[in-house]
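Below you'll find the structure, written out as structure tokens, and then a few comments.
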Amino acid sequence: MNHDEISKNIDIKQFREDLLNWFMAEQRNLPWRQDQDPYKVWVSEIMLQQTKVDTVIPYFNRFIDQFPSIEALSEAEEEKVLKAWEGLGYYSRARNLHSAVKEVKEKYGGVVPNTPEEISTLRGVGPYTAGAILSIAYGVPEPAVDGNVMRVLSRILSIWDDIAKPKTRKIFEEAVRTLISHDNPSYFNQALMELGALICTPTSPSCLLCPVRDHCQAFHEGTQTDLPVKTKTKKQKSLNLAVVILTDQEGKTLIHKRPSEGLLANLWEFPNIEIVQTIKSEKEQLTEQMLTLYGATVEIGNLITRIEHVFSHLIWNINVYTGKLVELEEENIMLKRVNETEIEPYPFPVSHQKILKFVPWSKYRD
DNA sequence: AACCCGTGGTT
DNA sequence: TAACCAAGGGT
């Protein structure tokens with residue numbers, strides 16, 4: 001959709017004016033809108049990926065409090081960064097941000113780069129985030145196309161391409177390049193997203209309150225709830241896990257650091273295995289696998305609870321057992337023996353925070 | 001391109 | 001309640 005096709009249906013100048021006037025009057029007062037510090041804009045944009053504003057606010061405030069600058073974050077230990085991210089999900093965002101901030105410190109003298117080419121090389125900064133930081137922090141007229149923008153513009157411009165397809169984003173980027181205000185790219189991009197969050201919502205948009213409904217083709221044609229077109233996602237797969245809370249002779253409990261790649265990378269958990277359908281019981285499988293995986297000789301006790309945890313793409317059905325640690329072949333960096341007072345610094349995913357509630361700490365408290 | 005990667009709120 | 005949704009990126 002090029003400039004001529006768009007200007008045929010829309011008075012672009014009037015559209016910008018209506019959108020910006022609405023944003024200046026109605027924008028929410030958010031912590032990352034206090035200033036245009038590129039570092040804070042960056043942190044907020046990473047946290048806001050696939051995550052609601054209300055969820056991000058407390059995390060953002062604590063994170064900036066703890067790591068107020070590029071300098072501070074670049075000197076932090078990864079374990080501390082993951083702990084600050086604990087519960088937010090998509091933990092590779094935290095590890096990528098940490099790594100990219102170190103790179104900005106070393107390679108760019110601590111100054112976030114202000115060109116699309118340079119900023120896009122940073123880990124975790126894709127097309128959306130690059131455009132968001134450049135426009136919001138530096139006033140560069142780059143598109144920042146997220147789910148909101150695709151929903152809003154699919155309605156305004158009556159675009160029926162499937163927004164689930166990766167290449168569709170380019171269509172919207174071209175549209176934004178035509179529409180964007182060069183006087184205020186920051187407010188223009190934020191206004192499109194704010195409109196998507198507050199007015200032009202997915203299921204029941206508040207068209208009667210919309211500042212740009214006069215420009216909206218979908219509103220004119222009554223197709224606003226048919227747009228955007230988005231094909232279905234496939235449903236999650238289910239996995240059966242057995243977790244064991246192993247207690248040693250001193251009454252300490254064993255925790256394990258997950259691998260540095262894949263699901264919940266570098267987070268801590270209780271020893272666990274995937275249960276497969278065989279003749280062997282769960283307890284037998286646990287006993288064997290604890291030896292194979294951890295070099296741990298164990299006696300499995302009772303099933304103490306069952307927990308379900310839903311991820312975006314899979315479901316864990318977890319059976320939680322108690323157990324005794326009889327012998328550990330070797331002490332390992334990836335294995336730690338902890339008691340209740342020592343557990344706090346370790347970052348756990350929410351799935352294991354649920355399990356944490358069932359650890360029988362009281363059994364060996366003095 | 002298709003799949004992996006979390007979590008919590010809404011419908 | 002199952003499905004959907006939210007300021008996406010990496011592989």
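The values are calculated or read from the model by the stated rules, or taken from the named source; none is laboratory data. Here the structure is a predicted model, which is why all the values come from computation and not from measurement. Glycine gets a Cβ as well: all are built from the backbone with ideal geometry, and neighbour counts include every protein chain shown. Quick note on the areas: whole protein, heavy atoms, side chains included, nothing else; ligands and nucleic acids left out. Shrake-Rupley method; radii C 1.70, N 1.55, O 1.52, S 1.80 Å.
A few remarks follow.
- Of all residue pairs spaced 6 or more apart or on separate chains, those with beta-carbon atoms under 6 Å, a first member in the range A:312-336 that is in contact (Cβ under 8 Å) with a residue 40 or more places away in the chain and under 13 Å from A:Thr253 (Cβ atoms) and a second member that is open to solvent by 100 Å² or more (accessible area, probe 1.4 Å) and assigned to a strand (DSSP E or B) are A:Thr322/A:Asn302; A:Lys324/A:Glu299.
Table: residues versus (1) open to solvent by 10 Å² or more (accessible area, probe 1.4 Å); (2) within 25 Å of A:Ala265 (Cα to Cα); (3) within 10 Å of DNA strand C (Cβ to nearest atom); (4) among the β-branched types (Val, Ile, Thr).
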{"residue": "A:Lys105", "(1), (2), (3), (4)": "yes, yes, no, no"}
{"residue": "A:Thr121", "(1), (2), (3), (4)": "yes, yes, yes, yes"}
{"residue": "A:Gly124", "(1), (2), (3), (4)": "yes, yes, yes, no"}
{"residue": "A:Val152", "(1), (2), (3), (4)": "no, no, yes, yes"}
{"residue": "A:Lys167", "(1), (2), (3), (4)": "yes, no, no, no"}
{"residue": "A:Lys170", "(1), (2), (3), (4)": "yes, no, no, no"}
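This table checks each residue for (1) open to solvent by less than 50 Å² (accessible area, probe 1.4 Å); (2) touching a strand residue (DSSP E or B) at 6+ places or on another chain (Cβ under 9 Å); (3) within 16 Å of DNA strand B (Cβ to nearest atom); (4) not assigned by TED's automatic domain parsing to the domain that holds A:Leu122.
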position	(1), (2), (3), (4)
A:Val53	yes, no, yes, no
A:Val56	yes, no, yes, no
A:Phe63	yes, no, yes, no
A:Ala72	yes, no, no, no
A:Ala76	yes, no, no, no
A:Lys83	no, no, yes, no
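- Within the range A:321-355, the set of residues being within 16 Å of DNA strand B (Cβ to nearest atom), buried (at least 17 other Cβ atoms within 10 Å of the Cβ) and of a type in the set (A, V, I, L, M) comprises A:Ile355 only.
- Residues in the range A:36-51 that are assigned to a loop (DSSP other than H, G, I, E, B) and more than 14 Å from DNA strand B (Cβ to nearest atom) were compared, and the one that is surrounded by the fewest Cβ atoms within 10 Å (Cβ to Cβ) is A:Gln36.
- Condition met for A:Cys216 (free of Cβ contacts under 8 Å to residues at least 60 places away in the same chain and either of a type outside the set (Val, Ile, Thr) or under 25 Å from A:Ala25 (Cβ atoms) (or both)): no
- Qualifying position, being over 17 Å from A:Gln353 (Cβ atoms), outside any strand (DSSP E or B) and either in contact with a strand residue (DSSP E or B) (Cβ under 8 Å, 6 or more places away or on another chain) or among the hydroxyl-bearing types (Ser, Thr, Tyr) (or both), among A:Thr287, A:Thr322, A:Thr297: A:Thr287
- Verdict on A:Leu254 being under 30 Å from A:Lys283 (Cα atoms) and under 25 Å from the mean Cα position of the chain (by Cα): no
- Qualifying position, being more than 16 Å from DNA strand B (Cβ to nearest atom) and surrounded by fewer than 19 Cβ atoms within 10 Å (Cβ to Cβ), among A:Arg16, A:Arg33: A:Arg33
- Leading residue by the ranking (farthest from DNA strand B (Cβ to nearest atom)) among those in the range A:198-247 that are β-branched (Val, Ile, Thr) and touching a strand residue (DSSP E or B) at 6+ places or on another chain (Cβ under 6 Å): A:Thr247
- Residue in the range A:331-339 that is at pLDDT 95 or above and either out of contact with any strand residue (DSSP E or B) (no Cβ under 8 Å at 6 or more places or on another chain) or not assigned by TED's automatic domain parsing to the domain that holds A:Thr247 (or both) present: no
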